[in-house]
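Right, one structure below, let's go through it.
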Amino acid sequence: MTRKNDPFDIELTPELILRAYRAGIFPMSESADDPDIFWVSPQMRGVLPLDGFRASKSLRKSMRKSGFSVVVDHDFASVIEGCATAGSDRESTWINPTIRALYGELFAMGYCHTVEVYDGDSLVGGLYGLAIGGAFFGESMFHRRTDASKIALAHLVERLRAGGYVLLDTQFITDHLASLGAIEIPRAIYEIRLSGALELPGDFYALDRAR
């Protein structure tokens, strides 16, 4: 389901975004230059089962030997800039200024989180998404070094497992995500899983306290 904004729509706010996610709907834009937002609820929803993440032999080797460091919630602006920049992994982006502003507010409110991968002081990959209850809604990821986004996702899965999350929503499926274990499920099944996940008290920082 998609619906373009029009002058009579309710004003977009962080609270409205949260309500939409709880209902299984998320916002997108056609491009970074398009000021409009439309609402999406796919017939088939991408999810990554937290017990089904697949790290290839080469990825496991990269995680051990890359020398990268991983932190969370340190530099939202740089992460969303990376996700919103066209590069070798994408020709265009749907992240427009409205999306940047709204998710920046959600970051300040504690709902939006980042996973950031650094090579020394340089941000080389990462991702961002929303955490509500026991559900995490992945929004976008990027990389500037080989495997950096995969390492960010591997860390996110570990963090969600530690924090009692039960749903990692990827919205859609790409070959990249499918290679890591993501699958598609019908909207009706997704909504059932979402309803259960929202009742749980996910803790995004539990992994930090366990170390």
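The values are calculated or read from the model by the stated rules, or taken from the named source; none is laboratory data. All of these numbers come straight from a predicted model, not from anything done at the bench. Glycine also receives a Cβ, built like all others from the backbone with ideal geometry; neighbour counts cover every protein chain displayed. In case anyone asks, the SASA skips ligands and DNA or RNA and just uses the protein heavy atoms, side chains included. Shrake-Rupley method; radii C 1.70, N 1.55, O 1.52, S 1.80 Å.
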Q: Determine whether residue 173 is of a type in the set (A, V, I, L, M, F, W, C) and more than 24 Å from residue 27 (Cβ to Cβ).
A: no
Q: Examine region 150-168 for a residue that is farther than 16 Å from residue 206 by Cα, of a type outside the set (A, V, I, L, M), in contact with an Asp or Glu (Cβ under 9 Å, 6 or more places away or on another chain) and open to solvent by 10 Å² or more (accessible area, probe 1.4 Å), and state whether such a residue exists.
A: no
**Q.** Leading residue by the ranking (modelled with the lowest pLDDT) among those in region 23-54 that are open to solvent by less than 30 Å² (accessible area, probe 1.4 Å), among the aliphatic types (A, V, I, L, M) and assigned to a loop (DSSP other than H, G, I, E, B)
**A.** 37
Q: Just need a number here: residues in region 153-211 that are under 21 Å from residue 44 (Cβ atoms) and of a type in the set (Gly, Ala, Ser).
A: 8
Q | Answer residue from region 55-88, given it is charged (D, E, K, R) and out of contact with any Leu (no Cβ under 8 Å at 6 or more places or on another chain) and is least open to solvent (accessible area, probe 1.4 Å) among those | A | 73
**Q.** The listed residue being touching a residue at least 60 places away in the same chain (Cβ under 8 Å), touching a Phe, Trp or Tyr at 6+ places or on another chain (Cβ under 8 Å) and not polar (S, T, N, Q), out of 129, 134
**A.** 134
Q: Looking only at region 100-114, decide whether some residue is polar (S, T, N, Q) and more than 16 Å from the chain's Cα centre (by Cα).
A: no
Q: Identify all residues within region 101-144 that are open to solvent by 30 Å² or more (accessible area, probe 1.4 Å) and in contact with a Leu (Cβ under 7 Å, 6 or more places away or on another chain); write none if there are none.
A: 111, 141
**Q.** Unique residue being within 22 Å of residue 103 (Cα to Cα) and in contact with a Ser or Thr (Cβ under 6 Å, 6 or more places away or on another chain) when the list is 165, 128, 205
**A.** 128
Q: Name the residue, out of 206, 154, 210, 188, that is closer than 19 Å to residue 56 by Cα and of a type in the set (A, V, I, L, M).
A: 154
Q) Are there any pairs with C-beta distances below 6 angstrom linking a residue in region 154-181 that is at pLDDT 95 or above to a residue that is basic (Lys, Arg), with the two at least 6 apart or on different chains, and if so which? A) 167/193
